[in-house]
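Take a look at the structure below.
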Amino acid sequence: MDADNDPHPRRPLVIYRSCPEAAHAKTGNIQHRSRSGHGPGIQIMSIKLDGLSARELEALIAQASQRKKQLAKRKPIAVVKQKLAAMAKAEGYSIAELFGGAPAKAAKPSATKPKTTRKPSSAKGSKVAPKFRNPANSAQTWAGRGQQPNWLAAEIAKGRSLADFAIR
């Protein structure tokens, strides 16, 4: 059967890898693509096997068998989750508290009165009538809140009183 007329054309081999670099990326036969949903640092590599030499194929097979051995040594995820949950429980935590989801519990209940939350002031950010005015420039006023304006600070530094600028 002709390669152009093949009803099932060969797709490139896709390998999931935690390393962002491939051993034979310089040949141009390996393409890296990041993909969300595969966890941090997981790369998807599309390898065109037809373009690899025998030496490159052997190196790829060796890498794949090494990775397969590493994965075989790992314990099943359910076992690891169980151990983590038991360790967290022994210390008085839940998995959700340690890794997100639920707020952490207080270490000790407080003997003092619990804090009450205040409602934000409805006057926050509202304008207040000015209480002080610059006699030299009546457009310059100050409501008595926040830092003193430069004109007022300069006059007080000269020895004048704050009451001299009060609006009556």
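Of the residues making up segment 117-168, just one is part of a helix (DSSP H, G or I) and in contact with a Lys or Arg (Cβ under 8 Å, 6 or more places away or on another chain), namely Phe165. The set of residues in segment 44-78 being assigned to a helix (DSSP H, G or I) and among the hydrophobic types (A, V, I, L, M, F, W, C) consists of Leu49, Ala54, Leu57, Ala59, Leu60, Ile61, Ala62, Ala64, Leu71, Ala72, Ile77, Ala78.
For segment 132-152, a residue qualifies if it is under 13 Å from Ala163 (Cα atoms) and of a type in the set (Phe, Trp, Tyr), and the qualifying residues are Phe132, Trp142.
Read-outs: derived from the displayed coordinates by stated rules, not from any lab. All figures in this text were calculated on a predicted structure; none of them were measured in a lab. Heads up, the Cβs are rebuilt from the backbone with ideal geometry, glycines too, and the neighbour counts pull from every protein chain shown.
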